[in-house]
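Report on the following structure.
The values are calculated or read from the model by the stated rules, or taken from the named source; none is laboratory data. This is a predicted model, so every value here is computed, not measured. Positions of Cβ are generated from backbone atoms using ideal geometry, with glycine treated the same way; all protein chains shown enter the neighbour counts.
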Amino acid sequence: MHDEKIIDQLSDLISSFICYAGSHLPDDVDAKLKEMATIETEGFAPTIYKAMADNMEIADRLKRPSCQDTGIIQFFVKVGTKYPYQNELGEALEQAVLKATDRAPLRHNAVQIFDEINTGNNVGVRVPWVDMELVPDRDDIEVYVYMAGGGCSLPGMAKVLMPLEGYEGIVRVIFDQMTSYGVNACPPCLVGVGIAGSAEVAAKLSKKALLRPVGSHNPNPKAAMMEEELEKGLNAVGLGPGGLSGKLSVMGVNIEQAARHPATLAVGISTACWAHRRACIKINPDMSYDFVTSKGVKL
Amino acid sequence: MSIYHLTTPVSDEDIAKLHIGDVIYLTGDITTGRDDVHHRVVIQGRECPVDLKGKAVFHAGPIMKKLEDGSYTCVAVGPTTSMRMEKAEAEFLEATGVKIIIGKGGMGPKTTAGCKASKAVHTIFPGGCAVVAAECIEKVKGVEWLDLGMPEAMWQFQGKEFGPLIVSIDSYGENLIDNNKIAFNEKKEAIVEELYKKVQFMH
């Protein structure tokens, strides 16, 4: 039996969280873009960075989504095994999307495969996309929302390399993708990389890498070194904001990995545009919360 | 780099003044049209329901809000990835007489040739700046093909000083983003070779 009152309360809270996430950048992204703007002082870059800053200011003032592409709504949820409303959670997430579509308002972005009909409410087959992980001995949930826009989803790819291609093969794939598709994905992007044994694991990890804060590093020292070197290397290419060239290219590179099969080396790439609308909230059973990615904000 | 303030309908003479890297602020008729509109006009050969001659097509799928009186207001409207329309843009220009394409990122050789043949330009509005763009829209004049859904319909806007629009393809066959990509790829090879030495993790 679903507790309708709980579904209502939880979906209200998560819908407010989605609305806020659509209009504001998380603290880490905001700080990084401000830092990059001080370096990008030539050519078209200052014009673009100014438009970006103005845009966020107007979106906050008018309480509107900052980008028209509010994406397919994706949730990545860590669920405590002692969380009392596991039964209601799936329904509450879907209700939250319906409410946010009306309130924000969000653009209608769910197009049914084969029927090719836009559902008009951001709910469709397996959408909102929900990815859940269980966390032992906790009684709360940690909800990440990600607005997967079209532009930043287009560079996404996964490929299984032969191990003899080595990590050099991974470097090649990332650079080729970023200098072709990356230019159109509203740079400066955050680049998420997954390395694993098969395509779907690498792809999923590349998206999870985007949920990590800008400037954070993989705990494995070799991975952290590779993150830094890829960031430096991509920046040296100088895509600039909007691909209009500049001194920098990316907000950073985040890598996540899973052990591979001896015969495969899979790489997945996901990119987040500069308007990286990912947000995280921890919700307790009594509906009190901690807005992790926008400290101090009350919903 | 020059700055131009243009008003629709835009003439061939206006277009002839423009070169890659110039910036336009556009006043007048700006109509959205993206994947499905290009599909209908070019691939299915249907007649475009909006007169676009001398006007601007905006690669964009806005967030629109319906008001109580049945009219619409534009909440947010930034550019979408223009490259998706590469397959059909040259024919779209020829069929409609559009003079200014507004989008983001680059377009390819077919559109570059199309802009030269049809005396048109492709321009870039800063990506993700959708409320800045919405603030440049004075009026929603109408909508066509709403059966395609909110993002794909043809929304007819009255723009005022809509910009900055950076000319990325001009009517002389020049392509700013292609030029940038050549420069990026030249730099890339040396950087990648250096990086290879640092990722020797196999043993």
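Details
- Some residue of the stretch B:71-78 being away from chain A (no Cβ under 14 Å), more than 24 Å from A:H108 (Cβ to Cβ) and in contact (Cβ under 8 Å) with a residue 24 or more places away in the chain: no
- Checklist (1) out of contact with any Gly (no Cβ under 8 Å at 6 or more places or on another chain); (2) within 14 Å of chain A (Cβ to nearest Cβ) applied to B:A133, failing item: (1)
- Among residues of the stretch B:90-101 that are touching a residue at least 24 places away in the same chain (Cβ under 8 Å) and under 13 Å from B:D51 (Cα atoms), those with a beta-carbon under 8 Å from a residue that is acidic (D, E) and buried (at least 18 other Cβ atoms within 10 Å of the Cβ) at least six positions away or on a different chain give the pairs B:K99/B:D14.
- Selected residue (criterion: nearest to the other protein chains (Cβ to nearest Cβ)) from residues of the stretch B:99-111 that are modelled with pLDDT of 95 or more and crowded, with 24+ Cβ neighbours inside 10 Å: B:K104
- The stretch A:166-184 residues that are small (G, A, S), paired with ones that are surrounded by fewer than 19 Cβ atoms within 10 Å (Cβ to Cβ) (beta carbon under 6 Å, 6 or more apart): A:G166/B:M202
- When B:V167 is tested against the conditions (1) surrounded by 18 or more Cβ atoms within 10 Å (Cβ to Cβ); (2) among the aliphatic types (A, V, I, L, M); (3) at pLDDT below 95, the lone failure is (3).
- Of the criteria (1) part of a strand (DSSP E or B); (2) free of Cβ contacts under 8 Å to residues at least 24 places away in the same chain; (3) more than 30 Å from A:S23 (Cβ to Cβ); (4) not small (G, A, S), which one B:E194 fails: (1)
- Within the set B:W155, B:W145, the sole residue that is surrounded by fewer than 23 Cβ atoms within 10 Å (Cβ to Cβ), touching a residue at least 40 places away in the same chain (Cβ under 8 Å) and closer than 30 Å to A:T70 by Cα turns out to be B:W145.
- The helices (runs of 4 or more DSSP H) falling completely within the stretch A:1-93 that include 1 or more residues that are of a type in the set (F, W, Y) and touching a strand residue (DSSP E or B) at 6+ places or on another chain (Cβ under 7 Å) map to A:4-23.
- For the stretch B:1-65, the strands (runs of 3 or more DSSP E) that sit wholly inside it and include 2 or more residues that are in contact (Cβ under 8 Å) with a residue 60 or more places away in the chain, over 15 Å from the mean Cα position of the chain (by Cα) and crowded, with 16+ Cβ neighbours inside 10 Å are B:23-32.
- Which listed residue is modelled with pLDDT of 95 or more, surrounded by fewer than 23 Cβ atoms within 10 Å (Cβ to Cβ) and closer than 28 Å to A:V77 by Cβ, from A:A263, A:A258, A:A196: A:A258
- Residues located in the stretch B:110-134, provided they are over 30 Å from A:L25 (Cα atoms) and touching a strand residue (DSSP E or B) at 6+ places or on another chain (Cβ under 8 Å): B:T111, B:T112, B:C115, B:A120, B:V121
Yes/no per residue for (1) in contact with a strand residue (DSSP E or B) (Cβ under 6 Å, 6 or more places away or on another chain); (2) farther than 20 Å from A:V160 by Cα; (3) at pLDDT 95 or above:
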{"residue": "A:P213", "(1), (2), (3)": "no, yes, yes"}
{"residue": "A:S216", "(1), (2), (3)": "no, yes, yes"}
{"residue": "A:N220", "(1), (2), (3)": "no, yes, yes"}
{"residue": "A:L230", "(1), (2), (3)": "yes, no, yes"}
{"residue": "A:G233", "(1), (2), (3)": "no, yes, yes"}
{"residue": "A:L239", "(1), (2), (3)": "no, yes, yes"}
{"residue": "A:G242", "(1), (2), (3)": "no, yes, no"}
{"residue": "A:K247", "(1), (2), (3)": "no, yes, yes"}
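- Across the stretch A:152-173, the qualifying residues are those that are in a helix (DSSP H, G or I) and in contact with a helix residue (DSSP H, G or I) (Cβ under 6 Å, 6 or more places away or on another chain), and the one among them that is surrounded by the fewest Cβ atoms within 10 Å (Cβ to Cβ) is A:E168.
- Of the criteria (1) touching a residue at least 24 places away in the same chain (Cβ under 8 Å); (2) surrounded by 15 or more Cβ atoms within 10 Å (Cβ to Cβ), which one A:L134 fails: (2)
- Where strands (runs of 3 or more DSSP E) fall wholly inside the stretch A:198-294, the ranges with 1 or more residues that are small (G, A, S) and away from every other protein chain (no Cβ under 13 Å) are A:250-257, A:265-272, A:278-283.
- Any hit, the stretch A:143-160, residues being without any contact (Cβ under 8 Å) to a residue 40 or more places away in the chain, more than 20 Å from the chain's Cα centre (by Cα) and within 10 Å of chain B (Cβ to nearest Cβ): no
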